[in-house]
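The values are calculated or read from the model by the stated rules, or taken from the named source; none is laboratory data. If you're wondering where the values come from, they're calculated on a predicted model, not measured in any experiment. We place every Cβ from the backbone using ideal geometry, glycine too, and count neighbours over all the protein chains shown.
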Amino acid sequence: MAVDTAGTVEIRGALARLRRTTGLPVAFGGLVEPGRPRMRISELSGTATAALRSLAVISGSGLGGKAVALARPCAVTDYSSSRQISHEYDLPVAAEGLRAIVAVPVVVRRRVRGVLYGALRTAQPLGDRTLSAAVDAARDVEQALVVRDEARGLVEASQAARTVDPVGREQVREAHAALRALAPRITDPALRAELLDACGLLAPRAPAEEIALAPRELDVLACVAAGATNAATAERLGLRPETVKGYLRSAMRKLGTHTRGEAVVAARRAGVLP
């Protein structure tokens with residue numbers, strides 16, 4: 001079964017940050033295969049060989065498999081001689097010349113979704129700073145995957161709610177606002193583009209005339225259209241209330257309107273809001 005590629009961008013970024021913050025020469029990791037009790041190493045950073053690439057790590061086996069099975073970080077000072085782990089993967093680890101290794105699971109909603117490793121080519125204890133940095137990197141991936149899952153769910157919900165009844169329209173508008181708010185937080189450019197495309201599907205009418213609203217102006221209008229106050233819009237978008245007011249004023253000027261309600265109506269008439 002193929003690895004679920006959703007999240008590989010986040011894994012790659014986390015490995016780069018881990019090496020940068022700790023000085024570890026090697027970091028690698030991957031995602032758990034959907035429906036399978038194993039993860040596959042897909043991302044390598046600082047490695048000298050391809051020995052670890054595409055290595056399938058079974059839950060409970062080796063250091064990473066132990067981290068998957070226990071859903072907690074595991075570390076060894078000298079991989080090849082450690083009695084704390086099984087040794088199914090000694091050959092690829094030795095080929096890369098790795099000795100001290102930490103493996104941290106990426107856990108989302110109590111399910112292990114992946115593993116991040118950091119490693120040295122010398123046998124020495126990995127200090128608390130290194131272990132904490134590895135845990136922090138895994139938490140970053142977890143948060144990114146939560147956002148990704150939420151975005152996927154919103155896309156599916158918005159597609160299911162595209163009906164002509166009033167309740168369906170309100171669900172579409174709320175989903176549209178939520179997607180607009182989530183998109184800037186997505187690090188994967190492909191998924192971000194997919195979310196924005198989904199927003200476009202929720203407002204499918206071609207504009208009667210070109211309305212050059214900036215992305216943030218549209219984000220603010222989408223929240224306002226869903227009934228959010230300026231303060232709630234600011235919290236949802238991670239902006240200051242004064243900034244929200246500025247975007248709203250700019251949007252109203254472009255739309256030729258004088259109130260929030262008029263701006264929403266004009267944007268819907270132009271086909272840029274559902």
### Message
Need the failing condition index for Asp90 against (1) at pLDDT below 95; (2) closer than 14 Å to Ser61 by Cα; (3) not aliphatic (A, V, I, L, M), just the number.
### Response
(1)
## Note on the structure
Screening Ala123, Ala133 for residues that are of a type outside the set (D, E, K, R) and either in the same structural domain as Ile186 (by TED's automatic domain parsing) or part of a loop (DSSP other than H, G, I, E, B) (or both) leaves only Ala123
### Query
What residue, of Arg249, Arg253, Arg216, is part of a helix (DSSP H, G or I), under 30 Å from Ile11 (Cβ atoms) and at pLDDT 85 or above?
Arg216
### Matching entry among Ile101, Ile58, Ile85 (being of a type in the set (Val, Ile, Thr), closer than 22 Å to Glu10 by Cβ and at pLDDT 95 or above)
Ile101
### Ala134 being among the small types (Gly, Ala, Ser), surrounded by 22 or more Cβ atoms within 10 Å (Cβ to Cβ) and touching a residue at least 60 places away in the same chain (Cβ under 8 Å)
yes
### Query
From the list Pro37, Pro25, which one is modelled with pLDDT under 95 and not polar (S, T, N, Q)?
Pro37
### Query
Quick one: Arg72 ticks every box in (1) in contact with a Pro (Cβ under 9 Å, 6 or more places away or on another chain); (2) within 20 Å of Leu15 (Cα to Cα); (3) surrounded by 15 or more Cβ atoms within 10 Å (Cβ to Cβ) bar one, so which box is it?
(3)
